[in-house]
Structure formats: C-alpha cells, structure tokens
1. Taking residue B:327 as the anchor, which aspartates and glutamates have their alpha carbon closer than 15 Å to its alpha carbon, excluding any fewer than eight residues away along the same chain?
2. Could you work out the local net charge near residue B:63, counting Lys and Arg as +1, Asp and Glu as -1, over the other residues with Cβ closer than 13 Å to its Cβ?
3. With +1 assigned to the C-beta of every Lys and Arg and -1 to the C-beta of every Asp and Glu, and no other charges, what is the dipole magnitude of the range B:177-287 about the Cα centre in debye, to the nearest 20?
4. With +1 on each Lys and Arg Cβ and -1 on each Asp and Glu Cβ, how big is the dipole of the protein assembly as shown about its Cα centre, in debye rounded to the nearest 20?
5. Calculate the tail of P(r) for chain B: the fraction of all Cα-Cα distances greater than 36 Å, expressed in %.
6. May I ask you to order B:200-211, A:12-23, B:86-97 by the average number of other C-beta atoms within 10 Å around their residues, highest value first?
7. Could you tell me which of A:214, A:131, B:163 has its Cα farthest along the dipole of the protein assembly as shown towards the positive end, charges placed at Cβ (Lys, Arg +1; Asp, Glu -1), taken about the Cα centre?
8. Per-residue Cβ counts within 10 Å, from other chains only, averaged over A:246-256: what number is that?
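Any read-out appearing in this document is the output of simple, stated calculations on the displayed coordinates, not a laboratory observation. If you're wondering where the values come from, they're calculated on a predicted model, not measured in any experiment. We place every Cβ from the backbone using ideal geometry, glycine too, and count neighbours over all the protein chains shown.
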Amino acid sequence: MLETVAQAVINGLLIGGIYALVSIGVTLIFGVVKIVNFAQGEFVMIGMYLSFYLATQFGIDPIVSLVVTMPVLFVVGVLIQHFLIRRVLGPNDMPQIFLTFALSLLLLNLALMLFTANYRTVHTSYSDEAFHLGGLYIPVAKLIAFAVAMMLSAALWVFLHTTDLGKAMRAASQNRDVATLMGINPNRVFCVALGIALALAGAAGSLLMPFYSAYPFVGQVFVLMAFVAVVLGTLGNVMGALIASLMMGVAESLGIQYVGADSGLLVVFAMLLLTLAFKPNGLGGGRAR
Amino acid sequence: MTKDRQQSVLNNAGSNDASGATPILSKRQSRRKFLLKASGVVAAGAFGAVPLRGWAADPVNIGALYPTTGSMAQIGVGCVAAAKLAVEMINEAGGIKSLGGAKLNLILSDVQSDTTVTRTETDRLITGNKLSAVHGCFASALTLIASEVCERAKVPIITGSSSDQLNKGRTYTFTPFARASQFAKAQLQMAKLVGDKPKVAVIFENTAFGTSTSNGLKELAPGEGVEIVMFEPYSAGFTDASPLINKVKASGANALFSVSYLNDLILIVRTVKQVGLDVAINGGSGGFVIPDFYKNVGKLAEGLQGVAHWNHDMSDDAQKVNAEYKKRTGDFLFEYAGGLVAQTFMIADALERAGSADPQKVREALSTLDVSSGYAAMAPGGKVKFGPDGKNIYGHPVGVQWQNSDLASVFPKEDARAPLLKT
C-alpha cells in the first residue's frame, strides 16, 4: 500500500520535471514579452527530432545532444523574436495570438511533410533500465531527465537573480515602460527571453528522447500540461510554474492510481479549478517573478 | 457589328479584286478556319481516348477512405499502398470480365483521422463520383460514421474494422473479418495455452475500439475460465505509462491484455520491462501487429502475443501478396492492409457476378458472396460468406506472436504456421 503510493509519487515527480521545462518556457515568454506562445510544444517536437537524427545519424546520445539542441533553439528563438514577434508587439493582442498559433500549425504540418506521421524512438543502453530500491523502481532515463531539468531550472533562477541581463528581464516583466526609461533595451531582453524559453523546450525534447517517441503531434501532449501549470503557478512566475508542474505530475499519477486510469487529467483539472477558486491568481499569488 | 463586318467581308470577297483587301480577307478567313480546325484537332486529341475506352468498357469506380494525415496517418498510408496494389492486380488480370474487361478505378479520399472530416469526405466522395462500392477506414470510430453515410446513400461498404456495432441494423455494410467480441475469445484461449491459472489485467484506451474489445473480454472471461483481476480504461495518448503499470503491479496479475494503439503500447511494454514485472503481454491488434511496433520496441517485442484479423503468412496467396507489397514498401503487409486487398477482390467477385456497376446490384452480389479459394478468400480459415447482418459466418481471428522479428501466425491450429512459444 505505502509502496504503491510512494511509487506513484516518484512517477509523478519524474514526469513533472519534463512538464516543468516546457511550462517554464511558456511562463518566461509570457512574463517578459507578454505574449502566449502557442507554438512552445512544437519546439519540443523540433528538439526531439534534432536529437533523434543526431542519435541515428551520428550516434550521439540524446542526453548529450542537449549541447546541440539548446543552442540551436536559442538562436531560433532570437530570430523568431527579432523577425516575427517584434513586429506584432503593440496594444492589440490578436496579431500575437494569430502569429504564435499560425507558427504552431506551420511547424506541425511541416513536420508531417518532412518526417511523416511515423513514431520514432531512440534506443539507448539505459532506455529500459531502472534502479530498484526495495519494492520501488526508478527508471534511469527519467531520473537523468529529471535531474537535468532541475539543474537547468536552478541555473535559470540564478541567471534571473544575479546577472544584469537577468535582472533586466525581471525588470522588463514587472514594468516594460519603466524598464525602458531605465535604459533597458526591450528588444534585446525579449530576444534573450525567447531564446532561453526555446532552448528549454529543446532541452525537454532531448531529455524525452530516450524514453518517449517523437512524432509531429508530440508537442500537443506536453503543451496542454504546460498551459495548466503556467496558470496554476501564476502567469509569468518561473518558480510557480516549476512547483505547479511537479504538483501536476504527482496529481496525475495519484489520480490514475486511485481514481481511474482515464482520470489522471481529471484530477489535474480539478486541482486547477480548486486553486483558482481560492487563489484566483494561482499559487504564486499576485506576484510575477 | 459582327454581321456588318461579315457582310462587308462577303461583299469585298465577291466583288472587289483590290489586291490590298484580299490578303486581309484571306487572313481573317484562314484564322477562323484555323481556329475551327485547330480546336477540332485539340478536342480530338483531348478526347481521343474516349472511343478507345468506350470499346473497352467504362472503368468501375471504387472509393477508398483512409486517414493519410493526422494521428493515424502512418497506418492509412500503408492501407492506400495496399489498395493500389490490389486494384493493379485485378486490372492486370483482365479487369471485370462480365463488364467487358472493365478496369477498376480507385478513388482515394483522406479522412484525416477525424470523425467530422470522415462524414463530409464520405458524403463528398459518394455524391461527386459514381461509385460501385467503398472500402475503409481502418479505425472503427471512423468506419462507423462512413458506414452510416454509405447506408443512407445505398452504396455498399466493406471494412476490416472490428466494432460489433457495424453489424447492427445495417444492410450495406459488410465485415469479412473477425469481430471485436471474437478477438476477445481468442486472446483468452491463448492466455490459457501459455499459463496454467491466468490472472489477467485488462487495460484499454477509452475509445470505441478499446471499449468494445475490452467489454468482449470481460463478458467471455468467466466462460473461458480466466480470472480478470483488473479492468481499467485509460486516456489514449498519455505521457507516461508508469502510473498505469504501477496499478497493474498492485493488482497481482500474471498476464496483461493491453488494447492500445502504437505509441501507448510502446510505452507500456518498455515500462513493464523497467519495472521488472513478469507478465505475459497480449497486445491485441491495433498498434501491435504493424511493422513499426517491432522497429520501436526491438527485442522487447520477442514472444509478445497478439490477435489479428489477417496475417501475412497464413496462406500461400497471402504470402504472394505480401512478397509484392514488401518489394514496394520495404515492410511486411500488415493486418489491415492485407485484409483490404482481400476486400478489393471480394468487390471484384461481386462485380463479376452482378455484371453491373450499379451499387445496389453490387450489394446484392456481395450478400450472396461465397468463396473458398483465390485472393478473395484470404481470411483466417480461408472462407468468406456473409450472413444477413453482413458478418462473415466463417470469420475468426488469427493469434499471432513476435518471433525472430517477424509476426508469426500461431493460433488456432488450422491457421498456425509456427508453434505458440511460452516466454
């Protein structure tokens, strides 16, 4: 009994780490640039395919391919901000919504065209291995993914709180106009924010590859969870998104264990509604940081 | 204006010998003649094939509804390749002889893995073309809708989809292969062959396919002497199979029946291995019996059992078609695609006997179909004859097992090509 609960919590935390990487990206973009990036899931998908081809063509381990996918997607993020998003930033939200949504559709269908709808997996030596502790087991691939996800989140937190650029990003997220008056170049800050968010999506893709299949629609699975986590953890709050993601992973896992195998998401959404009823701004309160 | 000019042209031509006017006139006339002649030549060229084709009888249109985009695209594309192969085989063998050697003309439509699109596409296909019969759509949820549209339009549809609902209150729907409820029986009997006291955990995706298959398992288990210790629907397309397998582990099952499509099943099989759970897995049909399963799971697939309504090694004819398909696509001919080759030959058989491309007459001929040889009889057991509910009265599934990276027929004895291995 206790063992089953413990196992369910472990499973939930491990997958929650992946949700966190996607949701931190979404919340960072929302906090700093004030747009909702509907295409975030598609960048996870691109990260997965990059890792897949690096693994199958050059024999690079998917986890190691992080050092390629993150910089590549960082550059993609900067380019997207500079050439696309910058042009639609204005008082009206609609163009921004259409832009990121269109980007999502475009990337999805491009992937269908280029890679077909086939599922692609990478089989690493540790893909099917697990540590066994008493009656519990911890899959190696997921443990690595979780550990790297937590390290990246911590690195991001340190970056936001100690470096000038990080502080400038937080300033821009608190008040864009005043930040501009203080000499912060908003486009530069936005470019970095997009870059970091997409790099995290790329990291999520690489970390997923040893234990999940890549296919064009794969981003949609994760982006739904990311949006819930972003709202649950207060829009724009990086730490809130991280904690909310882990909570959701655990809630989903416990829901499957004790409510019904098709009720995992039900429990997650019940948690979201209850939280919003008592804390309308999410777990992080009103503050974005 | 025109009249004036024509008149003046005539006048000029008739009475005036002025050398300046004549070349202009002749130019005008010649241009008109040229246009007339040229258009005649062009038209003759464009429709030149018509009389020829008319002599060789009009082609017979067959509609094929498969999802070639969207989440089921990977299977839909394979189905289309098989549908084309089947039509080529029939046409190369001389077409429909009773219709003067008429060729089959395959009209493809993409139903995009979506129920709404399936409805509009089926409608469009039927109203836009003179169809003699339709086959499709792989997923039961889609076929149920296409079948409704075909019933209303009075065009026969023949399908490998397994939902028992397709046999209820329908007169234009034909199902030559095993039904979902029969799959269940075969799975239970196979479980008894590999284990003494099977305690089965049933997990199934919460879709039409998953629910109908698993309900069959639940109903038949007591009669077959198999105990079901867990019976759980799950939401298809999950991110992580661990919580589900954690639940299976807690149930104390020694056999696992998973009714799932490919991606979920890959995660389930991998997770079972990670947990170190010792269960005999029966992956059912769906995502389990396609080449991609082995490509993704690799050696972990060895020894896993499943059931199918068709398998590429079960008869000489099936092996012949399989060889040709493999040459074209590189993969073996999987369950659904193989079945639809047989279905195309059943349609051809009906057309041959009906001597007409009229869909109602084709329906009549299908309802009296009775074959036990040739490509149309490529079904487990090797016989096809439809009952009043459109069900093949000889229909039954074939039990399969992954052995040496190939899917071998292992159950029942009459269809087995390899022994069922205990793992």
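1. By straight Cα distance, residue B:327 reaches B:88.
2. That sum, taken over residues with Cβ under 13 Å, equals -1.
3. In debye, rounded to 20, the range B:177-287 gives about 140.
4. 2100 debye
5. Beyond 36 Å sits 35 percent of the P(r) for chain B.
6. Working: B:200-211: 23.1, A:12-23: 27.6, B:86-97: 17.9.
Top of the packing list down: A:12-23, B:200-211, B:86-97.
7. Going by the charge dipole, the pick is A:214.
8. Average per residue, whole number: 2.
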